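A quick write-up on the structure given underneath.
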């Protein structure tokens, strides 16, 4: 399911909707428990899970280098929002009759050449998250799949940039 980009006055909001056939508790666990989180987004490590808490974005280049990311909004089992460079990433989770709805919102100050790369990455990460919930762990990032989504998100970002 492709994300949408909505232009705002001074930014763009990217929205990914993922209906999941898993409980809020199960989805929250893969978002916030490091041993599960790192199976779908191996760069992230929760350090202090609370508003104004910290997440490390690990470079995973063998140097133990990381960027410290601030959690800007947090409501247990509902909201996890954090800085993403100059932008923000927000996960919203709610129950549905068949499981839960996970919404990822990225607030982007400026659409750049990097934007479609980032969006294709989030798309793949959400696929990996869904697969993990369904019992499949991927040992490697699916680069060929990413390339396919990059083409799609480049078209979406180019169109959004012209509006």
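Values in this text are rule-based calculations from the coordinates and carry no lab data. Predicted model only: the values in this text are computed from it and were never measured. Virtual Cβ from ideal backbone geometry, glycine too; neighbours counted across all protein chains shown.
A few comments on the model shown:
- If R0 is taken as 25 Å, the Cβ-Cβ distance between residue 144 and residue 86 corresponds to a FRET efficiency of 0.25.
- Most fluctuating residue given options 19, 142, 116, as computed from a GNM of the chain linking Cα atoms under 10 Å: 142
- The simple spin-label model puts a point 7 Å past each Cα toward its Cβ; for residue 136 and residue 42 those points are separated by 1.8 nm.
- Taking the helices alone, the chain has a mean residue ellipticity at 222 nm of -10000 deg cm²/dmol, built from -39,500 (n - 2.57) per DSSP H run of at least 4 residues and averaged over all its residues.
- Shape of the range 11-103, Cα gyration tensor, a/c cut at 1.5: prolate
- Kirkwood Rh, Cα atoms: Rg over Rh of the range 52-101: 1.12
- Reciprocal mean inverse distance between Cα atoms of the chain - Kirkwood radius, Å: 16.3
- Between residue 98 and residue 78, the modelled label-to-label distance comes to 2.5 nm, taking each label 7 Å out from Cα in the direction of the beta carbon.
- Residue order, fewest to most surrounding Cβ atoms within 10 angstrom, among 107, 100: 107, 100
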